[in-house]
1. Take segment A:138-183 and flag every residue that is without any contact (Cβ under 8 Å) to a residue 40 or more places away in the chain and more than 22 Å from A:Asn2 (Cα to Cα).
2. Identify, please: which residue in segment A:130-141 is crowded, with 19+ Cβ neighbours inside 10 Å and not hydrophobic (A, V, I, L, M, F, W, C) and is, among those, nearest to DNA strand C (Cβ to nearest atom)?
3. Just one of A:Phe214, A:Phe173 is open to solvent by less than 20 Å² (accessible area, probe 1.4 Å), at pLDDT 95 or above and more than 26 Å from A:Ala45 (Cβ to Cβ); which is it?
4. Can you tell me which of A:Gly115, A:Gly81, A:Gly127 is among the small types (Gly, Ala, Ser), more than 16 Å from DNA strand B (Cβ to nearest atom) and under 22 Å from the mean Cα position of the chain (by Cα)?
5. Return yes or no: is A:Val113 surrounded by 15 or more Cβ atoms within 10 Å (Cβ to Cβ) and either more than 27 Å from A:Arg22 (Cα to Cα) or more than 13 Å from DNA strand C (Cβ to nearest atom) (or both)?
6. Within segment A:104-120, how many residues turn out to be farther than 24 Å from A:Ala64 by Cα and either out of contact with any Leu (no Cβ under 8 Å at 6 or more places or on another chain) or among the aromatic types (Phe, Trp, Tyr) (or both)?
7. State yes or no: is A:Ala82 open to solvent by 50 Å² or more (accessible area, probe 1.4 Å), at pLDDT 95 or above, among the hydrophobic types (A, V, I, L, M, F, W, C) and near DNA strand C (Cβ under 9 Å from one of its atoms)?
8. Condition test on A:Ala43, is it among the small types (Gly, Ala, Ser), over 23 Å from A:Leu183 (Cβ atoms) and open to solvent by 20 Å² or more (accessible area, probe 1.4 Å)?
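The values are calculated or read from the model by the stated rules, or taken from the named source; none is laboratory data. Note that this is a predicted model, so its numbers are computed, not measured. Glycine gets a Cβ as well: all are built from the backbone with ideal geometry, and neighbour counts include every protein chain shown. These accessible areas exclude ligands, DNA and RNA; they are computed on the full protein's heavy atoms, side chains included. Shrake-Rupley method; radii C 1.70, N 1.55, O 1.52, S 1.80 Å.
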Amino acid sequence: MNREAVLLDYYRAMRAELGPSRWWPGDTPFEIALGAILTQNTAWANVEKAMHNLRESGLLEPRALARLTDGELAMLIRPAGAFRVKAARVRNFLNFLHGACDLDMDGLRGETVEGLRPALLEVSGIGPETADSILLYALGLPSFVVDAYTRRILGRHGLIPEDIGYGELRDFFMDVLPPDAALYNEYHALIVRTGKNWCAKKAGKCASCPLAVFLEEFSPLTCVGKSIIPHP
DNA sequence: CTCCTGGAAG
DNA sequence: CTTCCGGGAG
């Protein structure tokens, strides 16, 4: 069993146990991209409150949102936390869209990961994970999304170094998996669902985890009740 | 109190 | 490298 083939086994195990994910919540590419920015280090339930405020005001489209002041925008997205920072980031993204597609994300059809990813990363407030989330979930392009759960789960299973960088981990997935946006979409969704429900930062519930079988096979960890204790 | 589908600034 | 952003939920 090599480290690469196991990625597909992880996918099959989560998919069999959890079923389809129907990600990303959002009706338009812009709404999805906006959610990707608002959810940075933030629980999705809080993002939904902010999205609700924008929806009620008819502001879930770029041209309307672009008319607001930073202060107005900040107050509307306040439930998402770090609201002044995120208001500036949304503004930067709107400015990017203005130049890239005249505030119409349909104009980004035909772009490629290789062409668009570097441009997104130039936007202050859009880092690797947010850029890949926009590429994959808003635009349907095959760019694998790595997040804290991905690193935590695979790290705890001993498959990757704990301090592996974002790009290295993304490359690991993309070197192994076929460049299939639907597969990337569902894979990341399953990782988040698994991480959220079973792989909490302090106390992982390994006993009932869909990936429990892989712990016995690879892990340098010991499960004690509901907690995981790093092995010396 | 810690943590949440990170990223920038210091 | 470390700190900050920040409200909401457990």
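1. Passing the criteria: only A:Ala182.
2. Out of the qualifying residues, it is A:Thr130.
3. Working: A:Phe214 fails: at pLDDT 95 or above.
Just a single option satisfies the conditions, and that option is A:Phe173.
4. Numbers: A:Gly81 fails: more than 16 Å from DNA strand B (Cβ to nearest atom); A:Gly127 fails: more than 16 Å from DNA strand B (Cβ to nearest atom).
Only one candidate passes the filter, namely A:Gly115.
5. Details: surrounded by 15 or more Cβ atoms within 10 Å (Cβ to Cβ): yes; either more than 27 Å from A:Arg22 (Cα to Cα) or more than 13 Å from DNA strand C (Cβ to nearest atom) (or both): yes.
So A:Val113 passes the test.
6. Of the residues in that region, 4 qualify.
7. Details: open to solvent by 50 Å² or more (accessible area, probe 1.4 Å): yes; at pLDDT 95 or above: yes; among the hydrophobic types (A, V, I, L, M, F, W, C): yes; near DNA strand C (Cβ under 9 Å from one of its atoms): yes.
Considered against the rule, which asks whether it is open to solvent by 50 Å² or more (accessible area, probe 1.4 Å), at pLDDT 95 or above, among the hydrophobic types (A, V, I, L, M, F, W, C) and near DNA strand C (Cβ under 9 Å from one of its atoms), A:Ala82 comes out as yes.
8. Values: among the small types (Gly, Ala, Ser): yes; over 23 Å from A:Leu183 (Cβ atoms): yes; open to solvent by 20 Å² or more (accessible area, probe 1.4 Å): yes.
Judged against the criteria, A:Ala43 is a match.
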